[in-house]
Amino acid sequence: MLPHTVVVDFAVALLLTSVGADLLSMLAEEDEFRIVATWTLVFGTGAAIFAALSGYAAYDEAAPTGLAEIVVLNHRTAGLVTLACFVPASVWRMLLHGQHPQTKAAGYWTLVALGTSAVLVTAYLGGTAVFRYGVGVLNG
């Protein structure tokens, strides 16, 4: 399986690009931005699923303890919230063939806003685990 640190970068970049392209598509009313937003959402969600799977696999090997373990467990929880928001948002967009939802749009945008917040928190906690506590860093 690919290392968690590789897969997670794709998830973060694609999901945040999707949100930015979606906002641009609404402001500029350009169809190309909506298409970019849809595909980066779908591929970003797929990358997030692989990031979660690889994170679970990496947890046992990293074996964090103390404060590092708390940070990693919070990182995991934030990652699950990210998935809980972006998986249904991706399915929703695919069912609409990439169009923005016209009905219940507030629900869709709530998912996207919560998912964006969750991905930022997840990334921050992951960085904290690695760079402050050395989780997953090879010694020797």
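The values are calculated or read from the model by the stated rules, or taken from the named source; none is laboratory data. A quick note: this is a predicted structure, and the numbers were derived from the prediction, not measured. Here Cβ is always computed from backbone atoms with ideal geometry, including for glycine, and neighbour counts include all displayed protein chains.
Count, please, the residues in segment 68-105 that happen to be surrounded by fewer than 16 Cβ atoms within 10 Å (Cβ to Cβ), over 18 Å from the mean Cα position of the chain (by Cα) and outside any loop (DSSP other than H, G, I, E, B).
Selection size over segment 68-105: 3.
With the checklist (1) touching a helix residue (DSSP H, G or I) at 6+ places or on another chain (Cβ under 7 Å); (2) under 18 Å from T122 (Cα atoms); (3) aromatic (F, W, Y) in hand, flag the one item F33 doesn't pass.
Unmet for F33, out of (1) touching a helix residue (DSSP H, G or I) at 6+ places or on another chain (Cβ under 7 Å); (2) under 18 Å from T122 (Cα atoms); (3) aromatic (F, W, Y): (2).
Tell me the residue from Y124, Y56, Y133 that is over 22 Å from W39 (Cβ atoms) and at pLDDT 95 or above, please.
Being over 22 Å from W39 (Cβ atoms) and at pLDDT 95 or above holds for just one of Y124, Y56, Y133, which is Y124.
Answer yes or no: is there a residue in segment 14-33 that is surrounded by fewer than 18 Cβ atoms within 10 Å (Cβ to Cβ), over 17 Å from the mean Cα position of the chain (by Cα) and not in a helix (DSSP H, G or I).
yes
Scan segment 41-59 and tell me whether some residue there is within 13 Å of the chain's Cα centre (by Cα), part of a helix (DSSP H, G or I), surrounded by 16 or more Cβ atoms within 10 Å (Cβ to Cβ) and among the polar types (S, T, N, Q).
Yes, segment 41-59 contains at least one residue that is within 13 Å of the chain's Cα centre (by Cα), part of a helix (DSSP H, G or I), surrounded by 16 or more Cβ atoms within 10 Å (Cβ to Cβ) and among the polar types (S, T, N, Q).
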